[in-house]
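Peer 1: My questions all concern the structure below.
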Amino acid sequence: MMNILVIGSGGREHALAWQCAKDDKVNNVYVAPGNAGTALEPKCQNVVLVSTGENASEHSAIIDFCQNNAIDMVIVGPEAPLVTGIVDACRDAGIQAWGPTAYCAQLEGSKTFAKEFMEQNNIPTAAYKGFTEAVAAKAYIDEQGAPIVIKADGLAAGKGVIVAETIEQAYEAIDDMLADNKFGDAGSRVVIEQFLQGEEASFICMIDGKNILPMATSQDHKRAFEGDTGPNTGGMGAYSPAPVVTQDVHEKVMTQVIQPVVDAMNNAGHPYTGFLYAGLMIDETGDPYVIEFNCRFGDPETQPILMRLQSSMVDLVAKGLAGQLPSDAQWDSRPALGIVIASKGYPETSSKGDVIAGLPELDDNNDNAVKVFHAGTAFSDSDAIDREKEVVTNGGRVLCVTALAGISDAQQAALAVTGAISFDGAQYRRDIGHHAIARENS
Ligand code: AMP
Ligand code: GLY
């Protein structure tokens, strides 16, 4: 029997923990720090080890826990602990941890590192230039014209990117990041890049240093509001598969993007291990360009993707840790679609402690076509007898209602459950899946 530790507290981690718990070989899934959903999931329990898992004392708390609780594998959800080297620290302590080392995680941790890496390895991406001075940055914007994209260099939870439609908006973004320091250290350096046109897709793989296992494809909805308008968020909903990734596009991504990452990291003496997420723009001729790399699974992409996974997540990670990843996995042929319900004010501000009504039972059989994954949830009173009645918001993205069915049916099924859930200021998009539904209808 196995014990697993999942690090993180989002919808992605609920989905990962839920998938691991389904495996008969698994005894306990600990989630640090987890959320209300992971606390309620059978075989799962939250452990108050870490808040973010980012610093060395948190790393040692994780290592101690693993040693004291016979943890067979650690699966790291979010980028922050990866960027600060949680996988390196676990390996040094002889603990099996799934994720990239700090060196490889720079692909997400620094936009500048990622752009230089892509340039050196001929990976298709938008033309760019890096700046630390506002005057020089603005001169470059004048030269390039709008639309143009301004990105904070470091980690900014998906929110450090401004797609400027006008020169004025681009200036404003520069002032926010370089002059006013709105993004802190993450924004003390900016990357300015060419605006890419096309349709986005998320291409996520498992990599064991040499073998590549592509996950089912997916598409995220980054903007806060319907019709892909409003500010960028961490993601307001996702579905899988993404029809824009045809077989031909898939092959191009594997040969032009993923394989070059694996080869280049090996050549650098830092084999890439863990999940790798390429955020892509697919142009009208079907050529992929990398918008960004993430060194982890996507959130909310994980929720629909793992809803479709029929192979054991635990077996896949075990094979990945052993350097024996297969080249494919078993997927439910039906699409899955997840709608994020975010808290009041998201993404600018965040509200906590609002009671959530209308949550369906978290019962869990495979035929269940709708699953509500928790993200920013907590218990108002951890001693309450009927804990499910006491679930409250804990900020940011709160839930992801995910349905498995035909794409339109999945949207309808997810909307029906979403509509029955309520809390003060709840916000969600009704148009998740619109690209795929339009394709299906045409
Ligand atoms: P990122 O955090 O780099 O993924 O950027 C967030 C979002 O901004 C992406 O999902 C795109 O929608 C948009 N974006 C980023 N870079 C570009 C680009 N070069 N051209 C067009 N849109 C972009
Ligand atoms: N959904 C986008 C991300 O995980 O970065």
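Peer 1: Please name all residue pairs, on different chains or six or more residues apart, with Cβ atoms under 6 Å, provided the first residue is in segment 385-399 and is of a type in the set (Asp, Glu) and the second residue is at pLDDT 85 or above.
Peer 2: 390/379; 390/380
Peer 1: With the requirement that a residue be within 16 Å of ligand 1 (Cβ to nearest atom) and more than 22 Å from the chain's Cα centre (by Cα), what does segment 253-289 give you?
Peer 2: Across segment 253-289, the qualifying residues are 283, 284, 287.
Peer 1: Shifting gears a bit: What pairs can you find where one residue is in segment 220-235 and in contact (Cβ under 8 Å) with a residue 40 or more places away in the chain, the other is among the β-branched types (Val, Ile, Thr) and near ligand 2 (Cβ under 10 Å from one of its atoms), and their Cβ atoms are less than 6 Å apart, with a gap of 6+ or different chains?
Peer 2: Pairs found: 224/233.
Peer 1: Which of the residues spanning segment 267-296 are under 20 Å from residue 325 (Cβ atoms), part of a strand (DSSP E or B) and within 16 Å of ligand 2 (Cβ to nearest atom)?
Peer 2: Scanning segment 267-296 gives 274, 275, 276, 277, 278, 293, 294.
Peer 1: Can we say residue 89 is modelled with pLDDT of 95 or more and hydrophobic (A, V, I, L, M, F, W, C)?
Peer 2: Working: modelled with pLDDT of 95 or more: yes; hydrophobic (A, V, I, L, M, F, W, C): yes.
Judged against the criteria, residue 89 is a match.
Peer 1: Do we have residue 104 as within 20 Å of the chain's Cα centre (by Cα) and not acidic (Asp, Glu) here? Step through it out loud before you land on a result.
Peer 2: On the way: within 20 Å of the chain's Cα centre (by Cα): yes; not acidic (Asp, Glu): yes.
Yes.
Peer 1: For segment 90-132, which positions are surrounded by 21 or more Cβ atoms within 10 Å (Cβ to Cβ), of a type in the set (S, T, N, Q) and in a loop (DSSP other than H, G, I, E, B)?
Peer 2: Answer for segment 90-132, where residues must be surrounded by 21 or more Cβ atoms within 10 Å (Cβ to Cβ), of a type in the set (S, T, N, Q) and in a loop (DSSP other than H, G, I, E, B): just 101.
Peer 1: Could you look through segment 208-223, keep only residues that are part of a strand (DSSP E or B) and more than 17 Å from residue 304 (Cα to Cα), and pick out the one that is nearest to ligand 2 (Cβ to nearest atom)? Give the steps one after another, and end with the answer.
Peer 2: Filtering segment 208-223 for residues part of a strand (DSSP E or B) gives 208, 212-214, 218-220, 223.
Adding the requirement that they be more than 17 Å from residue 304 (Cα to Cα) leaves 208, 212-213, 223.
Working: 208: 21, 212: 19, 213: 19, 223: 12 Å.
So the residue we want is 223.
Peer 1: Still on this structure, please answer the following. Quick one: in segment 297-316, which of the residues that are hydrophobic (A, V, I, L, M, F, W, C) and buried (at least 21 other Cβ atoms within 10 Å of the Cβ) is farthest from ligand 2 (Cβ to nearest atom)?
Peer 2: Our first condition is that a residue be hydrophobic (A, V, I, L, M, F, W, C); within segment 297-316, this holds for 297, 305-307, 309, 313-314, 316.
Subset that is buried (at least 21 other Cβ atoms within 10 Å of the Cβ): 297, 305-307, 309, 313-314.
Details: 297: 8, 305: 11, 306: 14, 307: 16, 309: 17, 313: 18, 314: 22 Å.
Of everything passing the filter in segment 297-316, 314 is farthest from ligand 2 (Cβ to nearest atom).
Peer 1: I'd like the full set of residues that are more than 16 Å from ligand 1 (Cβ to nearest atom) and either part of a helix (DSSP H, G or I) or among the hydroxyl-bearing types (Ser, Thr, Tyr) (or both), limited to segment 224-252. Walk me through it before giving the result.
Peer 2: Keep residues of segment 224-252 that are more than 16 Å from ligand 1 (Cβ to nearest atom), which gives 240-241, 243, 246-252.
Matches in segment 224-252: 240, 246, 247, 248, 249, 250, 251, 252.
Peer 1: Additional query: For the list (1) touching a residue at least 60 places away in the same chain (Cβ under 8 Å); (2) surrounded by fewer than 23 Cβ atoms within 10 Å (Cβ to Cβ); (3) more than 16 Å from the chain's Cα centre (by Cα), I need the number of the one condition that residue 87 fails.
Peer 2: (2)
Peer 1: Scan segment 224-237 and tell me whether some residue there is within 16 Å of ligand 2 (Cβ to nearest atom) and of a type in the set (A, V, I, L, M).
Peer 2: Yes, segment 224-237 contains at least one residue that is within 16 Å of ligand 2 (Cβ to nearest atom) and of a type in the set (A, V, I, L, M).
Peer 1: Just one of the numbered conditions (1) within 14 Å of ligand 1 (Cβ to nearest atom); (2) modelled with pLDDT of 95 or more; (3) in a loop (DSSP other than H, G, I, E, B) is not true of residue 157; which one?
Peer 2: Of the numbered conditions (1) within 14 Å of ligand 1 (Cβ to nearest atom); (2) modelled with pLDDT of 95 or more; (3) in a loop (DSSP other than H, G, I, E, B), the odd one out for residue 157 is (2).
Peer 1: Return the total of residues in segment 290-337 being over 16 Å from residue 414 (Cβ atoms) and within 16 Å of the chain's Cα centre (by Cα). Walk me through it before giving the result.
Peer 2: Of the residues in segment 290-337, the ones over 16 Å from residue 414 (Cβ atoms) are 290-299, 309-331, 333.
Subset that is within 16 Å of the chain's Cα centre (by Cα): 290-299.
Number satisfying all stated conditions: 10.
Peer 1: Select from segment 210-228 the residues that are surrounded by fewer than 17 Cβ atoms within 10 Å (Cβ to Cβ) and more than 23 Å from residue 343 (Cβ to Cβ) and list them in ascending order.
Peer 2: Answer for segment 210-228, where residues must be surrounded by fewer than 17 Cβ atoms within 10 Å (Cβ to Cβ) and more than 23 Å from residue 343 (Cβ to Cβ): 210, 211.
Peer 1: Are there any pairs with C-beta distances below 7 angstrom linking a residue in segment 122-142 that is in contact (Cβ under 8 Å) with a residue 12 or more places away in the chain to a residue that is among the small types (Gly, Ala, Ser), with the two at least 6 apart or on different chains, and if so which?
Peer 2: Close Cβ pairs (under 7 Å, with a partner that is among the small types (Gly, Ala, Ser)) amount to 131/137; 132/188; 134/179; 141/170.
Peer 1: Here's something else I'd like to know. From the list 416, 403, which one is closer than 14 Å to residue 369 by Cβ and surrounded by fewer than 17 Cβ atoms within 10 Å (Cβ to Cβ)?
Peer 2: Within the list 416, 403, the selection yields 416.
Peer 1: Suppose we filter segment 419-442 for residues that are touching a helix residue (DSSP H, G or I) at 6+ places or on another chain (Cβ under 8 Å) and surrounded by 22 or more Cβ atoms within 10 Å (Cβ to Cβ); how many remain?
Peer 2: Number satisfying all stated conditions: 4.
Peer 1: While we're looking at this one, here's another question. What is the residue count in segment 317-359 for residues that are aliphatic (A, V, I, L, M) and more than 29 Å from residue 436 (Cβ to Cβ)? If you could, list the steps in order and put the result at the bottom.
Peer 2: First, the residues of segment 317-359 that are aliphatic (A, V, I, L, M): 317-318, 321-322, 325, 329, 336-337, 339-342, 355-357, 359.
In the following step, the residues that additionally are more than 29 Å from residue 436 (Cβ to Cβ) were identified as 318, 321-322, 355, 357.
Total satisfying the criteria: 5.
The values are calculated or read from the model by the stated rules, or taken from the named source; none is laboratory data. None of the values given here were measured: they were computed from a predicted structure. Methodologically, a virtual Cβ is constructed for each residue, glycine included, from the backbone with ideal geometry; neighbour enumeration extends over all protein chains shown.
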